[in-house]
Amino acid sequence: MDYARKLFDGISHPDLFMHNAMMRGYAHTGAPDAAFTVYRRMKESARLQPDGFTFCYLLRACVGLRGSCAVGCQVHGAVVKLGFLKDVYVRNALINMLSKCGDLRAAGVLLDEAGEGDVVAWSAIIAGHAARGDIDAARKMFDECLHKDIVCWNVMLGAYAKRGEMEKARELFCRAPEKDVVSWNTIITGYTTKGMLEHAFEVFDEMRTAGWMPDEATIVSLLSCCANTGSLDAGRMIHQLHLEWRPWISIVVGNALVSMYAKCGDLRTAIEIFNTMKETDVWTWNSVIGGLAFHGQAEQSLQFFKKMLERRIHPNEISFLCVLGACNHAGLVEDGQKIFYLMKDRYGIEPNARHYSCIVDTLGRAGLLDEAFVIVSNMRCELSVVVWRTLLGACRTHGNMNLGKLVREKLLNMNEDASGDYVLLSGIYASSSEWLGMETERRSMDRRGIRKVAGYAQIDRKPAGLSAP
């Protein structure tokens with residue numbers, strides 16, 4: 001779109017077709033504000049008037065805007081004023097916009113005007129009910145629709161799959177009079193999302209037996225499930241099958257492969273694929289950095305992070321979480337501090353509770369409790385009990401009674417009365433032979449009616465931030 005915009009701006013008097021082409025491009029690439037900027041520019045020209053295509057693209061763009069309902073109402077008004085409501089494509093685009101914005105009453109009024117035969121309108125409202133979580137209303141609409149096409153079936157199938165109701169999804173899938181690759185992918189993705197890899201592969205085998213060629217969405221869905229379940233052998237099989245069908249690897253499939261191999265611990269293959277990819281993005285780098293960190297290769301993880309910055313790949317919050325986890329795992333305190341401050345100072349990314357928990361855990365393990373307390377006290381994101389409890393655990397480990405009491409007060413001010421907090425502080429008193437303080441904490445628990453959960457103990461946990469990317 002950047003190149004298209006340069007060409008567009010270089011034309012002295014672009015016509016309606018060119019304006020519509022730009023609006024369509026922006027609407028389809030997730031840049032709704034830019035679509036409306038082009039529309040406003042078009043309106044400034046007295047010789048140009050919007051047509052049905054203009055409103056179809058604007059209504060699509062509305063869904064991606066903040067305050068989409070208010071903007072959508074304005075576009076709706078323009079559609080009515082200029083007489084485009086009779087245009088079936090504009091009306092269906094309007095029904096789709098209203099359904100996605102949650103105004104199903106207004107969408108229903110337009111559906112009544114459209115009639116029973118307009119299956120596109122029916123599908124849009126079914127999807128709208130499903131998006132609101134009203135699966136029963138969606139199914140009622142589906143059953144009432146007399147002229148279902150494959151899109152309508154796929155919408156209802158997707159509604160069940162997204163809710164995790166795979167028995168109903170499979171039953172509907174088997175009843176569908178016809179299927180396309182979207183139908184197969186929907187049921188496969190439903191199973192993979194729930195971690196039901198065996199069921200997903202059963203459907204995958206049925207898909208191939210029925211003569212359907214899996215597409216990238218199929219491959220990525222299966223690889224994602226293999227990654228999350230640690231099924232390396234299954235992931236290798238999918239990789240091999242994909243190479244048989246398509247000898248080239250796109251960035252989407254490449255990212256899924258790198259992530260799968262990295263999460264499953266085959267770091268050598270993950271890096272090999274990474275090195276052969278013609279195009280990479282921040283997610284490719286995150287998969288390698290996070291995989292190395294998760295499997296104890298902290299130094300190599302840091303090296304990849306530095307290479308990413310050298311190649312001017314802009315890191316995101318996941319990038320920093322991965323590399324902070326690497327520093328935590330290896331006890332690289334100084335590196336961890338530098339990266340934590342680099343996150344906001346250079347890249348303008350505000351740390352969230354997970355980043356704070358990670359750096360606090362790193363400092364806490366090193367005994368730098370005062371530094372950790374300063375960071376937590378200046379935390380700008382929403383207060384997180386997890387971060388404060390991470391610091392309280394560090395106080396217990398290092399026997400810092402004074403800071404432990406202060407942190408406990410902070411937790412009390414947040415209305416947190418977990419038994420584990422009392423146990424931790426009691427442990428701090430005990431390690432310092434402050435038996436009176438320990439007894440006071442125990443009595444405080446009794447007074448508040450708090451009981452330690454049987455069989456539960458605070459243990460030395462896995463370093464914060466080291467969840468697989």
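The values are calculated or read from the model by the stated rules, or taken from the named source; none is laboratory data. These figures come from a predicted structure and were not determined experimentally. Quick reminder, even Gly has a Cβ in these numbers, built from the backbone with ideal geometry, and neighbours come from all protein chains shown.
Below are the figures for this structure:
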{"read-out": "Residues satisfying the stated conditions in segment 310-325, i.e. part of a helix (DSSP H, G or I), free of Cβ contacts under 8 Å to residues at least 40 places away in the same chain and over 22 Å from Asn378 (Cβ atoms)", "value": "Glu310, Ser319"}
{"read-out": "Positions within segment 304-325 being surrounded by fewer than 24 Cβ atoms within 10 Å (Cβ to Cβ) and among the β-branched types (Val, Ile, Thr), in sequence order", "value": "Ile313, Ile318"}
{"read-out": "Residue within segment 341-349 that is under 30 Å from Met207 (Cα atoms) and either at pLDDT below 95 or not assigned by TED's automatic domain parsing to the domain that holds Asp370 (or both) present", "value": "no"}
{"read-out": "Close pairs from segment 359-382: first outside any helix (DSSP H, G or I), partner at pLDDT 90 or above and surrounded by fewer than 21 Cβ atoms within 10 Å (Cβ to Cβ), Cβ under 8 Å, at least 6 apart", "value": "Ala366/Gly331; Ala366/Val333; Leu368/Val333; Arg380/Glu350; Cys381/Glu350; Cys381/Asn352"}
{"read-out": "Candidate set: segment 372-387, residues that are under 26 Å from Ala298 (Cβ atoms) and either crowded, with 17+ Cβ neighbours inside 10 Å or hydroxyl-bearing (Ser, Thr, Tyr) (or both); chosen: the one nearest to the chain's Cα centre (by Cα)", "value": "Ser384"}
{"read-out": "When residues of segment 229-274 are limited to those that are among the polar types (S, T, N, Q) and either in contact with a helix residue (DSSP H, G or I) (Cβ under 8 Å, 6 or more places away or on another chain) or at pLDDT 95 or above (or both), the one surrounded by the most Cβ atoms within 10 Å (Cβ to Cβ)", "value": "Ser259"}
{"read-out": "Any hit, segment 373-393, residues being among the hydroxyl-bearing types (Ser, Thr, Tyr), at negative phi and touching a helix residue (DSSP H, G or I) at 6+ places or on another chain (Cβ under 7 Å)", "value": "yes"}
{"read-out": "Residue among Asp15, Asp9, Asp2 that is of a type outside the set (Lys, Arg) and at pLDDT 85 or above", "value": "Asp15"}
{"read-out": "Helices (runs of 4 or more DSSP H) wholly inside segment 87-147 that include at least 2 residues being buried (at least 17 other Cβ atoms within 10 Å of the Cβ) and of a type outside the set (A, V, I, L, M)", "value": "88-100, 119-131, 135-144"}
{"read-out": "Residues located in segment 39-60, provided they are of a type in the set (A, V, I, L, M, F, W, C) and out of contact with any Lys or Arg (no Cβ under 9 Å at 6 or more places or on another chain)", "value": "Met42, Ala46, Leu48, Phe55, Leu58, Leu59"}
{"read-out": "Residue in segment 342-352 that is hydrophobic (A, V, I, L, M, F, W, C), part of a loop (DSSP other than H, G, I, E, B) and surrounded by fewer than 19 Cβ atoms within 10 Å (Cβ to Cβ) present", "value": "yes"}
{"read-out": "Count - residues of segment 19-76 that are among the small types (Gly, Ala, Ser), closer than 25 Å to Leu110 by Cα and surrounded by fewer than 22 Cβ atoms within 10 Å (Cβ to Cβ)", "value": "5"}
{"read-out": "Hits in segment 160-180 (condition: free of Cβ contacts under 8 Å to residues at least 12 places away in the same chain and buried (at least 16 other Cβ atoms within 10 Å of the Cβ))", "value": "Lys168"}
{"read-out": "Per-region count, segment 236-269, residues within 22 Å of the chain's Cα centre (by Cα) and part of a helix (DSSP H, G or I)", "value": "13"}
